[in-house]
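Q: After the structure tokens below, expect a handful of questions from me.
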Amino acid sequence: MAVPAITRRRASGGTAATGRRSRAQDGPGAPEGPELPGGSGGPDGSGGPDGPDGRDGSGRRRPGPLPLVAAVLLLAAFGLWAVYGSPWLRMRGVEVLGTDRLTEQEVRTAAGVSPGGPLASVDTGAVEERLRGRLPRIASVEAVRSWPETLALEVTEREAVAVLAGDGRFTEVDADGVAYATVREAPGGVPVIRVDPAEGGASARFGRDRLVREAAAVAAGLPGQLRERTRTVVVRSYDGIELHLDGGRTVVWGSSHEGARKARALLALTKAAKDAERYDVSSPGTPAATGS
């Protein structure tokens with residue numbers, strides 16, 4: 001019975017010695033703790049949290065960038081198809097805003113846009129250029145895509161401040177001196193411009209268009225009540241402009257400069273000298289009235 005006892009002591013002592021040798025090999029101060037499942041990890045990194053083969057700590061392979069790139073490309077392709085190829089964003093109609101003398105159909109026809117195509121493909125700049133070229137009555141226009149299916153045309157028409165007479169018809173002129181439309185009857189409340197160049201070649205020196213612009217600038221600057229009383233704006237030179245009022249009265253206006261001051265001086269003169277036949281406001285600081 002003594003032999004088994006000795007054997008047990010040796011076995012127990014061997015185990016303790018082995019434990020002491022293991023701690024000695026680890027070195028002093030080495031932490032003691034439980035081992036991680038799956039081993040302590042070797043030099044090949046197969047037991048670490050992220051191995052070199054692209055797998056995570058649980059052994060699953062990490063997703064690469066290819067699925068993300070494919071998803072982005074698929075989304076971009078769908079967006080292009082939705083805008084240009086799908087029936088959802090196709091132009092169904094043209095909305096016209098801001099017209100007065102022009103009709104909506106005239107504007108739609110001049111725009112030259114056919115419904116049915118992708119709204120994103122409409123060249124709004126080309127549409128605006130066509131409208132200004134085909135309809136001179138348009139002063140400005142803005143073509144705007146009104147999603148999902150409408151092209152809106154916001155039109156600003158020119159306003160006549162005077163007309164040019166010729167061959168029994170009248171050409172409307174705006175404040176910039178642009179002659180833009182010919183009509184059979186002159187619009188009410190605007191004077192007629194008559195270019196009557198004085199001797200000395202004023203028309204050749206300034207050009208007829210320049211003289212028309214000067215006369216239009218004078219007409220545009222007249223207050224409403226004064227413009228309605230003005231029958232004719234006669235322009236002989238750059239600074240030789242006259243107004244012919246109702247009742248046969250004449251106003252020496254001079255150039256188009258200081259139009260507001262001249263208009264105020266003329267209104268004061270017509271009240272102070274109602275029976276005068278001729279008013280001179282070419283120098284608004286010293287206006288004069290003559291005749292009776």
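Q: Can you pull out every residue in segment 117-143 that is at pLDDT below 95, in contact with a helix residue (DSSP H, G or I) (Cβ under 7 Å, 6 or more places away or on another chain) and of a type in the set (A, V, I, L, M)?
A: Residue satisfying the conditions is ALA120 alone.
Q: Please go through segment 154-181 and pick out each residue that is closer than 21 Å to ARG130 by Cβ and touching a strand residue (DSSP E or B) at 6+ places or on another chain (Cβ under 8 Å).
A: Correct list: GLU154, VAL155, THR156, GLU157, ARG158, ASP174, ALA179, TYR180, ALA181.
Q: Name the single residue that is least open to solvent (accessible area, probe 1.4 Å) among those in segment 118-156 being in contact with a Gly (Cβ under 7 Å, 6 or more places away or on another chain) and closer than 30 Å to ALA215 by Cβ.
A: Only one residue fits best here, namely VAL155.
Q: Going through LEU269, LEU245 one at a time, which residue ends up being over 45 Å from the mean Cα position of the chain (by Cα) and over 19 Å from ASP174 (Cα atoms)?
A: On inspection, the qualifying residue turns out to be LEU269.
Q: Right, something else. For segment 223-277, name all the residues that are in a helix (DSSP H, G or I) and among the β-branched types (Val, Ile, Thr).
A: THR270
The values are calculated or read from the model by the stated rules, or taken from the named source; none is laboratory data. No experiment lies behind these values; they were computed from the predicted model shown. With ideal geometry, Cβ positions are generated from the backbone for all residues, glycine too; neighbour counts draw on all protein chains shown. In case anyone asks, the SASA skips ligands and DNA or RNA and just uses the protein heavy atoms, side chains included. Shrake-Rupley method; radii C 1.70, N 1.55, O 1.52, S 1.80 Å.
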